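Here's the structure we're looking at; comments come further down.
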Amino acid sequence: AYLNKIRPDMKLTERNPYMKSRMDQEKVCEDAADENFSTCVLELPYIFGTQPGRKPVWTVLIEQIQGMDKLPFTLYPKGGTAMLTCRQVGQVIAGAAENKAGKTGFEAIPIGMYNMTWPEFLDIVFAARGMAGRKIVTVAPWMMRMGMGKIVKDYKNRGIESGMDPMQLPDIMDYNLFIDKKYCLELGVEEDDIKAAITDSIKVSQAAFEGKVKLLEMKGE
């Protein structure tokens, strides 16, 4: 939702059902607010940390990059993202609830405590996988798009409607989607060890990908 607001020129809701659904959800919350009732949407970025017994979403990343492990380098976009830890998500939720107490109206707050480029993030990922110092080669959107055609064809053959437009994803991942942590600090969020949280997430994701542990899937059971 945050990217859609700061980059209206990308027309994200027109091409990405997932982003449209997020904006629709936000509108529902906004419409529910009035002079007697307050609502708040926390625009959360990537979250790191583990939930006992549940498969992390980062198994998808492991699946994406392991195919390049035999190469002398890994190809990846040069953009970046905001992030925070599971502990900090709890803090920001509590802070937002306390902040809205006694207030009315609607508020959407962009959330993020740390900003990393994808290469910086992958340095931590590969260290967690026992491949510290792995060379990362960044690619331009047009190069990434060349490899997305196969995915588009696969989705079509399987009758899958993707939540994200595979042909616009390269442009999104090329962008540094960074968020000022001042919003989190105002809600009482404290510093945490993001590197340790990423490392824990990746180690569990790698074990799940290799079938070494049995975990609940990301979808609801």
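Read-outs throughout are calculated quantities, based only on the coordinates presented, and are distinct from any laboratory measurement. Just so it is clear, the model here is predicted, and its values are computed rather than measured. Glycine also receives a Cβ, built like all others from the backbone with ideal geometry; neighbour counts cover every protein chain displayed.
Applying the Karplus parametrisation 6.51 cos²θ - 1.76 cosθ + 1.60 with θ = phi - 60° to the phi angles of region 174-188, what ³J(HN,Hα) value in whole Hz is obtained for each residue in order, glycine and proline being reported as x?
Using θ = phi - 60°, the values come out as 7, 8, 7, 7, 9, 10, 5, 6, 4, 5, 5, 4, 5, 9, x Hz.
In terms of modelled amide H atoms, which long-range or inter-chain residues lie less than 5 Å from the amide H of V139?
Here the answer is Y76, K78, since their amide H atoms fall under 5 Å of that of V139.
Over the residues of region 20-111, compute the C-alpha Rg and express it relative to 2.2 N^0.38 Å. Don't skip to the end; give the middle numbers.
Working: Rg = 18.3 Å, N = 92, 2.2 N^0.38 = 12.3 Å.
Taking N as the residue count of region 20-111, the ratio is 1.49.
Which of rounded, prolate or oblate describes the chain when judged by the alpha-carbon gyration tensor and an a/c cut-off of 1.5? Don't skip to the answer; put the middle values down first.
Values: a/c = 1.77, a/b = 1.37, b/c = 1.29.
In terms of gyration-tensor shape, prolate.
Past 25 Å, Cα to Cα, is the threshold; run K11/K156; K20/K103; K55/K156 against it and keep the listed order.
K20/K103; K55/K156
How would you order 191-202, 144-155 from highest to lowest mean count of nearby Cβ atoms within 10 Å? Before the final figure, lay out each step's value.
Values: 191-202: 18.3, 144-155: 13.2.
With the highest mean Cβ count within 10 Å placed first, the list reads 191-202, 144-155.
So which of K100/K182; K78/K195; K100/K181; K78/K212; K78/K150 end up more than 25 Å apart by C-alpha? Don't jump to the answer; show the numbers that get you there.
On the way: K100/K182 17 Å; K78/K195 19 Å; K100/K181 19 Å; K78/K212 32 Å; K78/K150 22 Å.
Table pairs above 25 Å Cα-Cα are K78/K212.
For the residue pair V137 and A32, what label-to-label distance in nm results when each label sits 7 Å from Cα along the Cα-to-beta-carbon direction?
4.9
Please tell me the relative contact order of region 2-209 in percent, rounded to the nearest whole number, where contacts are Cα pairs under 8 Å and at least six residues apart. Can you show the working numbers first?
Working: 310 pairs, mean separation 69.8, N = 208.
With pairs under 8 Å counted, the relative contact order is 34 percent.
Enumerate the amide H contacts of V41 below 5 Å, restricted to partners 5 or more residues apart or on another chain; note that Pro and chain-start residues carry no placed amide H.
E107, A108, I109
Between Q25 and S162, how many nm apart are label points set 7 Å from Cα along the C-beta direction?
For the pair Q25/S162, the computed spacing is 2.1 nm.
Among 17-26, 65-74, how do they line up from the highest to the lowest mean number of other beta-carbon atoms within 10 Å?
Details: 17-26: 15.0, 65-74: 12.2.
With the highest mean Cβ count within 10 Å placed first, the list reads 17-26, 65-74.
With +1 on each Lys and Arg Cβ and -1 on each Asp and Glu Cβ, how big is the dipole of the chain about its Cα centre, in debye rounded to the nearest 20? The partial results should precede the final answer.
Numbers: 29 positive and 30 negative charges, 219 e Å.
My answer is approximately 1060 debye.
Could the peptides 179-187, 80-88 be put in order, highest first, of the mean number of other beta-carbon atoms found within 10 Å of their residues?
Numbers: 179-187: 16.7, 80-88: 21.6.
The densest-packed peptide leads the list: 80-88, 179-187.
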